[in-house]
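Colleague: Before we start, here is the structure in question, set down as structure tokens.
The values are calculated or read from the model by the stated rules, or taken from the named source; none is laboratory data. Computed from a prediction, not measured in an experiment: that's the story for all the values here. Cβ coordinates were reconstructed from backbone atoms using ideal geometry, including for glycine residues, and neighbour counts include every protein chain displayed.
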Amino acid sequence: MVRSLVIDGAFAGVGSVLSFLPIIVVLFFFLSILEDSGYMARVAFVMDKLLRKIGLSGRSFVPMLIGFGCSVPAIMATRTLSSERDRKMTILLTPFMSCSAKLPIYAIFTVAFFPHHRALVMIALYVTGIVMGIISGLVLKNTVYHGNPVPFVMELPNYRFPSAKSVTLLMWDKAKDFLVRAFTVIFVATIIIWFLQTFDTRLNVVASSSASMLAGIGRFISPLFAPLGFNDWRASTALITGFVAKEAVVSTLAVLTGTSVTNLPAALSSLFTPLTAVSFLVFTLLYTPCIAAVNAVRREMNSVRSAVAMVLYQTGVAWIMSFIVYHVAALIYH
């Protein structure tokens, strides 16, 4: 039992997430260069005219760009916005930007189902998130947040060659946040998943994970995802743990399929087809951000109701978009 806890629970879960650390470090490396060179402020100036069409000012672009790294600091970065209306709109739209925590999910699924079109699929996912953010911005502009954004005024810093020290410190800061999550939230989530997978409701050790408590929870909610093409309890359970941390989707699938991250792409073929994999990717792209981001929304907006509304709205959007993608693709390819 102890061996199973250490090997199948802790090592399989946390290890599968840590293997994607290099990808995330590279992403933050380029974001750090943009920020340290002085170009980030100019991007905000250039984007002002475009963002005004969806009811935001150019200043909102910086938090959204940070959102491609992590939603939590991106939501906190909205404090620099002078308008309360712009700040709240930016907070609600930022989670649509695909954060780096979702990269492990994209990487695993593209390797498993789209080995010859990995870059195209990833770009399509990022663009889909941006498009849904734009659509949501137009909806909010004409419903909840009427009015116009504040005039754009910003002092542009001088261009400068990025400092190796500054870039390294920014990279390390973001990588450290990822590692802390991996060894705290994700570690705890992995242990809970292992426990639920190993025992039944009477706390007896099960011979197969299909008879475990986790299977019962997954089967209970799986009908909700049947119209989206993936109704296996393991896929449903991975989405639940994804609410704790998006990286946990990969670690959960690794634990539930009883394999390592190296062999996970092969194991996924028993759960998904290329068509249902696309549906699953769209859902994970758009559904509620992690609990840390939701807590940041609650804190910044000082409203539990707003945070819950955002979770329900994004999950609803994710379900509808995944449903449309799955059935339209099914009509095209069948």
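Colleague: On the basis of being under 25 Å from W194 (Cα atoms) and under 19 Å from the mean Cα position of the chain (by Cα), does A307 make the cut?
Modeller: It is false that A307 is under 25 Å from W194 (Cα atoms) and under 19 Å from the mean Cα position of the chain (by Cα).
Colleague: Restricting attention to the range 130-155, which residues are under 24 Å from F68 (Cβ atoms) and either in contact with a Leu (Cβ under 7 Å, 6 or more places away or on another chain) or modelled with pLDDT under 75 (or both)?
Modeller: Matches in the range 130-155: M132, G133, S136, G137, L140, P149, F152, M154.
Colleague: Among the residues of the range 239-247, is there at least one that is free of Cβ contacts under 8 Å to residues at least 40 places away in the same chain and under 27 Å from S136 (Cβ atoms)?
Modeller: yes
Colleague: A further question follows. Going residue by residue through the range 6-21, is there one that turns out to be surrounded by 16 or more Cβ atoms within 10 Å (Cβ to Cβ), hydroxyl-bearing (S, T, Y) and not in a loop (DSSP other than H, G, I, E, B)?
Modeller: Within the range 6-21, one or more residues are surrounded by 16 or more Cβ atoms within 10 Å (Cβ to Cβ), hydroxyl-bearing (S, T, Y) and not in a loop (DSSP other than H, G, I, E, B).
Colleague: Among I7, I66, which is the only one that is modelled with pLDDT under 85 and in contact with a Pro (Cβ under 8 Å, 6 or more places away or on another chain)? Step through it out loud before you land on a result.
Modeller: Working: I7 fails: in contact with a Pro (Cβ under 8 Å, 6 or more places away or on another chain).
On inspection, the qualifying residue turns out to be I66.
Colleague: Let me ask something else. Could you please find all residues in the range 185-217 being surrounded by fewer than 15 Cβ atoms within 10 Å (Cβ to Cβ), in a loop (DSSP other than H, G, I, E, B) and modelled with pLDDT of 80 or more?
Modeller: T201, R202, L203, N204
Colleague: For the range 259-334, which helices (runs of 4 or more DSSP H) that fit wholly inside it have 3 or more residues that are at pLDDT below 90?
Modeller: Because the criterion is at least 3 residues that are at pLDDT below 90, the helices (runs of 4 or more DSSP H) in the range 259-334 that meet it are 264-268, 291-301, 304-333.
Colleague: What's the number of the condition A74 fails, among (1) free of Cβ contacts under 8 Å to residues at least 60 places away in the same chain; (2) farther than 21 Å from V244 by Cβ; (3) buried (at least 17 other Cβ atoms within 10 Å of the Cβ)?
Modeller: All conditions pass for A74, except number (2).
Colleague: Does the range 214-222 include one or more residues that are free of Cβ contacts under 8 Å to residues at least 24 places away in the same chain, aliphatic (A, V, I, L, M) and farther than 29 Å from M310 by Cβ?
Modeller: Looking through the range 214-222, at least one residue is free of Cβ contacts under 8 Å to residues at least 24 places away in the same chain, aliphatic (A, V, I, L, M) and farther than 29 Å from M310 by Cβ.
Colleague: Same structure again: Quick check on my filter: what residues within the range 94-113 are in contact (Cβ under 8 Å) with a residue 60 or more places away in the chain and under 18 Å from T262 (Cα atoms)?
Modeller: K102, L103, P104, I105, Y106, A107, I108, F109, V111, A112, F113
Colleague: Taking the stated definitions as given, is F220 of a type in the set (F, W, Y), farther than 17 Å from V14 by Cα and outside any helix (DSSP H, G or I)?
Modeller: Judged against the criteria, F220 is not a match.
Colleague: Those residues that are of a type in the set (V, I, T) and either touching a Leu at 6+ places or on another chain (Cβ under 6 Å) or surrounded by fewer than 23 Cβ atoms within 10 Å (Cβ to Cβ) (or both), I need them from the range 218-260; list them, please.
Modeller: Pass one, the range 218-260, residues of a type in the set (V, I, T): 221, 237, 240-241, 244, 249-250, 252, 255, 257, 259.
Within the range 218-260, I221, T237, I240, V244, T257, T259 qualify.
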